[in-house]
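Before any comments, here is the structure.
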Amino acid sequence: MLNYTTYFTINNTPQAVFDAIENVPAWWGPIEGNFQKAGDEFIYRHGDVHYSKHQITEMVPDKKLVWLTIDRGRISFNKRMNGTEQRLFSKSAKKMI
């Protein structure tokens with residue numbers, strides 16, 4: 001499995017960045033289920049084109065959100081995403097130097 005990592009800077013507080021990251025419906029659209037704490041599961045659908053089910057595996061407020069893709073749908077091409085993690089971090093620029 002390939003790894004992909006990217007970094008970018010946002011001119012805001014770590015709390016504001018994390019609040020935006022954990023607000024999944026704001027950037028994906030309607031979500032089924034919960035996404036407030038570790039162990040919560042949620043589903044994202046986009047008509048008949050996309051289905052994915054995820055579980056939050058780690059959440060550290062204002063710092064880190066990790067979720068596991070449990071089921072990426074019925075299309076075999078998308079199944080390769082099953083078992084992958086999305087790791088989202090918010091760090092203070094001062095700590096990164």
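Can you list residues whose amide H is under 5 Å from ASP71's amide H, if they're 5+ apart or on another chain and H is modeled 1.01 Å from N?
Distant-sequence amide H within range of ASP71: LYS53.
Report ³J(HN,Hα) in whole Hz for each residue of segment 42-59, in order, from the Karplus equation J = 6.51 cos²θ - 1.76 cosθ + 1.60 where θ = phi - 60°; Gly and Pro get x.
9, 10, 10, 10, 10, x, 8, 8, 9, 9, 8, 10, 10, 10, 6, 9, 7, 9
Can you give the local net charge around LYS37? Use residues other than it whose beta-carbon is closer than 14 angstrom to its beta-carbon, Lys and Arg +1, Asp and Glu -1.
-3
To the nearest 0.05, how large is the calculated FRET efficiency for ASP71 and PHE8 if R₀ is 35 Å and r is the Cβ-Cβ distance?
Efficiency computed from Cβ-Cβ geometry: 0.75.
In nm, to one decimal, how far is the modelled label at GLU32 from the one at ARG87, with both set 7 Å along Cα→Cβ?
Result: 3.0 nm between the two label points.
Each value in this text was obtained by applying a stated rule to the coordinates, not by laboratory testing. Everything numeric here is computed off the predicted structure, so don't read it as measured data. Every residue, glycine among them, receives a Cβ derived from its backbone with ideal geometry; neighbour counts consider all protein chains shown.
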